[in-house]
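The values are calculated or read from the model by the stated rules, or taken from the named source; none is laboratory data. Fair warning: this is a prediction, and the values are worked out from it, not measured in the lab. Quick reminder, even Gly has a Cβ in these numbers, built from the backbone with ideal geometry, and neighbours come from all protein chains shown.
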Amino acid sequence: MEVSRSTARVPQKMRIDSGRSGEKANVVAVIPAYNEERFIASVVIKTRGYASHVIVVDDGSTDRTAELAEVSGARVVRLEKNQGKAAALNAGFKAALQLKPDAVVCLDGDAQHEPAEIPELVRPILAQEADVVVGSRFLEKRSPIPGWRQLGQHTLTAVTNLTSGVKISDSQSGYRAFSPKAVRTLRFRSSGLSVESEMQFLFSQAGLKVKEVPISVSYADGSKRNPVVQGLQILDAILSLVARRRPLLFFSLPGLFLGVIGVLLGIRVALHMQATGELLMGTAILTTLALTGGLLLGVAGVMLHSIQHMIRRIQEEIRDAMALRREDTP
């Protein structure tokens with residue numbers, strides 16, 4: 001593929017006011033990309049019309065993603081090997097903070113997001129109405145997303161909303177805007193495709209104010225990932241997140257289910273023995289296993305929840321102590 005540096009036409013930049021006496025807002029766009037040479041140049045060029053700076057995080061691509069992004073005018077952060085979207089966003093946020101942004105907007109490198117919608121995403125951030133703005137594909141009544149795909153997305157959103165305690169209409173949207181406070185606060189650990197779901201847990205934990213705005217979306221032909229396989233991978237990652245961040249919920253619900261099954265089986269054993277004088281040995285064993293399993297899961301959930309709460313409290317005390325130390329340092 002030949003690249004001409006002289007023909008990359010950049011659209012006229014749209015002015016986005018910061019709200020400070022008519023100053024232009026410093027909007028930084030972060031685009032995580034892995035093998036996106038097909039789309040990255042056009043995404044960067046369009047995004048430059050709405051952002052002061054464009055940062056492309058090349059997540060160990062084996063194609064010309066980094067080269068094309070750089071030629072198109074982006075600042076490129078290179079990761080030596082493919083580490084996943086969470087690591088790419090962490091690197092992108094770190095680079096964005098060095099530019100002292102008024103707002104940071106994240107969009108995907110596969111051209112599914114429309115850069116012209118950046119002003120709508122960052123407006124609540126600049127107006128200090130939200131710390132995070134999520135671009136939702138489902139706020140509008142009509143969505144171009146196929147019905148079967150919507151079903152999968154709504155299922156993942158329902159699971160994420162239930163377990164994170166933060167309710168939004170599109171938990172898997174990668175088109176989001178962040179305040180500088182949110183960018184400094186958020187650090188992602190997910191190794192798979194669940195970084196958007198992890199964000200919801202972090203929003204709740206950090207007390208960040210979240211708002212949604214409607215966005216459009218366009219899916220290119222020949223997607224690199226099978227949506228069914230991707231959905232199952234995300235669901236598996238969400239369950240892992242729940243186990244790590246909400247252990248009481250993760251262990252207590254199945255524990256309660258086993259406990260109820262054990263009680264019902266126990267009632268059957270007792271009634272049968274009262275009527276016939278015979279012990280249903282197999283059912284009695286299942287009753288014991290169900291009740292024991294339910295009890296162990298419940299105890300595990302309570303213990304892990306207590307340990308997690310203690311660790312968080314220690315972390316908060318360490319952060320408070322460090323903040324006081326910085327204030328006392330001349």
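Here ASP236 fulfils each of the conditions (1) of a type outside the set (Val, Ile, Thr); (2) modelled with pLDDT under 85; (3) out of contact with any Leu (no Cβ under 9 Å at 6 or more places or on another chain); (4) farther than 30 Å from GLN172 by Cβ apart from (4). Only one entry of ARG244, ARG225 meets the criterion of being outside any helix (DSSP H, G or I) and either at pLDDT 75 or above or of a type outside the set (A, V, I, L, M, F, W, C) (or both), and that entry is ARG225.
Being modelled with pLDDT under 95, closer than 23 Å to ILE40 by Cβ, in the same structural domain as LEU89 (by TED's automatic domain parsing) and not aromatic (Phe, Trp, Tyr) is true for just one of ARG137, ARG142. Which residue is that? If you could, list the steps in order and put the result at the bottom.
Numbers: ARG142 fails: closer than 23 Å to ILE40 by Cβ.
Result of the check over ARG137, ARG142: ARG137.
Return the only residue of ALA87, ALA111 being part of a loop (DSSP other than H, G, I, E, B) and either crowded, with 19+ Cβ neighbours inside 10 Å or touching a residue at least 12 places away in the same chain (Cβ under 8 Å) (or both). Testing whether each residue is part of a loop (DSSP other than H, G, I, E, B) and either crowded, with 19+ Cβ neighbours inside 10 Å or touching a residue at least 12 places away in the same chain (Cβ under 8 Å) (or both) leaves just ALA111.
For segment 203-222, give me the residue count where each residue is part of a helix (DSSP H, G or I), farther than 15 Å from VAL133 by Cβ and at pLDDT 85 or above.
Of the residues in segment 203-222, the ones part of a helix (DSSP H, G or I) are 203-206.
Now narrow it down to the ones that are farther than 15 Å from VAL133 by Cβ: 204-206.
Checking the rest, the ones that are also at pLDDT 85 or above come to 206.
Selection size over segment 203-222: 1.
When segment 276-322 is limited to residues that are assigned to a helix (DSSP H, G or I) and among the acidic types (Asp, Glu), the one that is modelled with the highest pLDDT turns out to be GLU317. Among the residues of segment 17-48, those identified as under 17 Å from VAL104 (Cβ atoms), at pLDDT 95 or above and of a type outside the set (S, T, N, Q) are VAL27, VAL28, ALA29, VAL30, ILE31, PRO32, ALA33, VAL43, VAL44, ARG48. Screening ASP328 with (1) at pLDDT below 75; (2) closer than 24 Å to GLN205 by Cβ gives one miss only, at (2).
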